[in-house]
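Asker: Got a structure for you, questions after.
The values are calculated or read from the model by the stated rules, or taken from the named source; none is laboratory data. Predicted model only: the values in this text are computed from it and were never measured. Reconstructed Cβ throughout: ideal geometry from the backbone, glycine too, with neighbour counts over all protein chains shown. Remember, those area values only see protein heavy atoms, side chains included, never the ligands or the DNA or RNA. Shrake-Rupley method; radii C 1.70, N 1.55, O 1.52, S 1.80 Å.
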Amino acid sequence: MQNKKIVIFSGGLDSAVLLHDTVREVGAENTTAITFDYDQKHSVELKYASAMAGRLGVAHEVVSLKSLSHLFGSSALVDKDKAVPTGLASSQSLAQTIVPNRNMIMLALTAGWAINNGIREICYGGIDGERIAYPDSSREFADAMAQALRLCHTEEIILSAPYSDKSKSDVIIIGACIGVRFEDTWSCYNGGRHHCGECPTCLDRKSAFSLAGVPDPTKYEKCLH
């Protein structure tokens, strides 16, 4: 019998590829997706996550952290009075988009849910290439969390972070090979009808598609008339 797995799934590009890859490996019936609502401005990603989980036929849990949003108040992704930065990523602009300790909080809560539901493997889509901006996407962070999860319960909890040594363009190539519909993913830090095309994560998405040599199906606001 195949092991059940739970995937931390934002509705974004990286976690969408991971979710598809997991379903391909163990089947939809053995896969659960878990999504966190922390009152982010780009909450449209929750709709993308729900729609994709439904199409794949996987169980989908949405966990509200809105009561904790004041803990993340320094981030432009949560603070309604702070504008999301635009332009190419820089250490200064990306620092504005850090949500304090987000990935550790999500991993800890996912572990609790997994233990309660008899799931022993957590799949996490952190990419080491984002470590300069987001330390909790680094390989070192994933390794440290894997060790903590092995010790947090009477039975070992496995943390799988298969993309932690890859770039976003690498992940796009993987996704293209397994048939991920990238137009059904959301990356933009703004919550408009379409990707804004100007925030750091939109520009990173564009660049990654270009480097991967894969057509970018994303609709960007500035391209629309």
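Asker: Full-extension gain between residue 207 and residue 177, please, as 0.36 nm times their residue separation minus the C-alpha to C-alpha distance.
Answerer: 8.9 nm is the gain from fully extending residue 207 to residue 177.
Asker: State to the nearest 20 debye the size of the charge dipole of the chain about its Cα centre, where the only charges are +1 on K and R beta carbons and -1 on D and E beta carbons.
Answerer: Dipole about the Cα centre, nearest 20: 420 debye.
Asker: Tell me the mean residue ellipticity at 222 nm calculated for the chain from its helices only (DSSP H runs of n ≥ 4, each -39500 (n - 2.57), averaged over every residue, nearest 500).
Answerer: One gets -11500 deg cm²/dmol as the mean residue ellipticity at 222 nm.
Asker: In square angstrom, rounded to the nearest 10, how much accessible surface does residue 105 have for a 1.4 Å probe?
Answerer: 50
Asker: Note down the relative contact order for region 97-169 as a percent, whole number, built from C-alpha pairs under 8 angstrom at least six residues apart.
Answerer: Taking the mean separation of contacting Cα pairs over the length of region 97-169, I get 35 percent.
Asker: Another one. So for region 114-225, averaging the separation of alpha carbon pairs under 8 Å that are six or more residues apart and normalising by length, what relative contact order in percent results?
Answerer: Contact order relative to length: 22 percent.
Asker: Separate question: Cut-off 17 Å, label point 7 angstrom out along Cα-to-Cβ of residue 70: give me the residues of region 33-64 whose amide nitrogen falls inside.
Answerer: Only 38-40 fall inside the zone, counting backbone N under 17 Å.
Asker: Based on the Kirkwood radius over alpha-carbon pairs, what is the Stokes-Einstein translational diffusion coefficient of region 150-225 at 10 °C with 1.306 mPa s viscosity, in µm²/s?
Answerer: 111
Asker: Taking all pairs of different Cα atoms in the chain, averaging 1/r and flipping that mean, what Kirkwood radius in angstroms comes out?
Answerer: Averaging 1/r across every pair of different Cα atoms and inverting gives 17.7 Å.
Asker: Nearest 20 debye, what's the magnitude of the dipole of region 95-225 about its Cα centre given +1 on Lys and Arg Cβ and -1 on Asp and Glu Cβ?
Answerer: 320
Asker: Another question, if that's okay. For region 31-108 and region 2-21, what is the separation of their Cα centres, given in Å?
Answerer: Cα centroid to Cα centroid, the span is 15 Å.
Asker: Let me check against my output: what whole-number percent is the relative contact order of the chain, with C-alpha pairs under 8 Å and at least 6 apart?
Answerer: Relative contact order here is 23 percent.
Asker: If you count, for each residue, the other Cβ atoms within 10 Å and average over each peptide, how do 56-69, 108-121, 31-44 line up from highest to lowest?
Answerer: In decreasing order of mean packing, 56-69, 108-121, 31-44 become 31-44, 108-121, 56-69.
Asker: For the chain, what % of the accessible area comes from carbon and sulfur atoms, probe 1.4 Å?
Answerer: The computed percentage sits at 52.
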